[in-house]
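Here's the structure, in C-alpha cells; my notes come after.
The values are calculated or read from the model by the stated rules, or taken from the named source; none is laboratory data. The shown structure was predicted, so the numbers you read here are calculated from the model rather than taken from an experiment. Neighbour counts run over all protein chains shown; Cβ positions are idealised from the backbone, glycine included. Remember, those area values only see protein heavy atoms, side chains included, never the ligands or the DNA or RNA. Shrake-Rupley method; radii C 1.70, N 1.55, O 1.52, S 1.80 Å.
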Amino acid sequence: MNNFSYTKASNVDQAISQLDADIRNKIVAGGTNITDLLKYFITKADKLVDINAIKEHNSILRLDNGGVRIGALHTNADTAYDPIIEGRYPLLSKAILAGASAQIRNMATNGGNLMQRTRCYYFYDINTPCNKRDPGSGCSAITGYNRIHAILGQSKNCIAVFPSDMCVALSALNATINISGSHGERVVDFSDFHRLPGDTPNIDNNLKHGEVITSIDLPEKGFEKNYSYLKLRDRSSYSFALVSVATGFDIENGIIKDVRIALGGVAHKPWRVPEAEDFLKGKEPTQEIITEAANIILKGAMGYQHNSFKIILAKRAIIRNCIMALDPESQRPGAKPSL
Ligand code: SF4
C-alpha cells in the first residue's frame, strides 16, 4: 500500500472540492473493495476522501412520482432489510442478500456497490499482464484460466465480468443514478452507467473524476408480485455469480404486459436485451416462448477454453428464473419452483 493522506467530508460539496483535479484522489465509503485494491497495489491513491459522514445521502425516501430514492451511503444490509424495499422491490432485496457476506453487506454502501471492480484473478495479480490494471500490457485471461469470465460484450482487450448482484436487480428495475460534480448535478440511466470493455477496459463506468454518486432512484414499478433472482455459483455463500438472473413480470389477464430480464456474471456490465423483452410482451408466458427469449438474449454469446459451459448454464438459468418469477409461491423460503 502506498502512502496517502486521509480527509473527511461532511457534505457533497466538500467531497467534490477535496477530490480536486488529482485523479489519484479517491473516495472511500464502506471501503470493502478499495482497501483490497490499495493493499495489493492494484490502485494507488494520494488522498482518500471519506464520505461516510454525509448524512443527507444515508436514507431511503419515498418520491412524489411514486418511486423510491435509496441513498448512496445507505449500507447494502440496511437497504435489503428496509420495509419499503422488502415490500415494494423484493427483487432488489433478494439480489443484495445474495451478494458477499453479512459482514460485508453491513459495511458496503450502495454507491460503492456500483463502483466495485472486477474479481478477475489476473487483475488482482500484479505480476501478470492486465489491460484493466495496466493499459496496453495485454489480457492474461483470454488464453489463461477463464472459467469466471465473460461470454457477452467482451473485447479483444478484456473479458472480465462485473461482479455485483445488486446492480443486476437495479438494471432490471430501470433505476437511475443521481450524480453531483463541480459542474452541477446529472442523472444517468442505469444501463448507461457501466461500460463494456472495448479499447478502454481500464474505465469501468461513466462517473468522471470529481463526481460523487449521491443516490439511486427506483421507478414506481417494483414487480413485487412476480419476481425472482437466481444466482448460480461455486458455493452457496460468499461467492461471485457464474451466472445470475433478475426477472420481473407484470402479468395482466394471463398475458405478459411488461417484463425485465437482466443477467449478471456474464459481461462487463449487467446484461439486458430489450429485443427479448419486447418479444415476450403481449404473449402468454409459456416455457416455449421463454426459451425463445433466452435464445435471443444469448445470441452472439461466445465462450473461451474454460467458460463455454456458461452459455448453456445462462440459458437454463433464464428459463428457470422466469418460471420461478411466474410462481410467487416459489419465493417462499424452502419452496421449490414448479418446473
Ligand atoms: Fe485484465 Fe480484463 Fe484480462 Fe482480466 S479479463 S486480465 S481484468 S484485461
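Listing for the model above:
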| quantity | calculated |
| --- | --- |
| Matching residues, the range 282-298, being in a loop (DSSP other than H, G, I, E, B) and either without any contact (Cβ under 8 Å) to a residue 12 or more places away in the chain or among the hydrophobic types (A, V, I, L, M, F, W, C) (or both) | Thr286, Leu298 |
| The one condition in (1) buried (at least 20 other Cβ atoms within 10 Å of the Cβ); (2) in a loop (DSSP other than H, G, I, E, B); (3) more than 9 Å from the ligand (Cβ to nearest atom) that Ile177 fails to fulfil | (2) |
| Residue identified as more than 26 Å from Ile27 (Cα to Cα), crowded, with 17+ Cβ neighbours inside 10 Å and small (Gly, Ala, Ser) among Gly67, Gly71 | Gly67 |
| Leading residue by the ranking (modelled with the lowest pLDDT) among those in the range 224-249 that are open to solvent by 40 Å² or more (accessible area, probe 1.4 Å) and either under 21 Å from Ala293 (Cα atoms) or not small (Gly, Ala, Ser) (or both) | Tyr238 |
| Any chance Leu92 is buried (at least 21 other Cβ atoms within 10 Å of the Cβ), away from the ligand (no atom under 13 Å from the Cβ) and not in a loop (DSSP other than H, G, I, E, B) | yes |
| Residue match in the range 97-117 (condition: near the ligand (Cβ under 9 Å from one of its atoms) and modelled with pLDDT of 95 or more) | yes |
| Filtered residues of the range 215-247 (kept if of a type in the set (Ser, Thr, Tyr) and touching an Asp or Glu at 6+ places or on another chain (Cβ under 8 Å)) | Tyr229, Ser244 |
| Positions within the range 278-311 being within 22 Å of Asn146 (Cα to Cα) and open to solvent by less than 80 Å² (accessible area, probe 1.4 Å), in sequence order | Ile297, Leu298, Gly300, Ala301, Gly303, Tyr304, His306, Asn307, Ser308, Phe309, Lys310, Ile311 |
| Unmet requirement for Thr200, which otherwise passes all of (1) under 29 Å from Gly248 (Cβ atoms); (2) within 16 Å of the ligand (Cβ to nearest atom); (3) among the β-branched types (Val, Ile, Thr) | (1) |
| Residue match in the range 257-266 (condition: part of a loop (DSSP other than H, G, I, E, B) and among the basic types (Lys, Arg)) | no |
| Selected residue (criterion: farthest from Tyr304 (Cα to Cα)) from residues of the range 129-153 that are open to solvent by 30 Å² or more (accessible area, probe 1.4 Å) and either near the ligand (Cβ under 8 Å from one of its atoms) or not in a loop (DSSP other than H, G, I, E, B) (or both) | Arg133 |
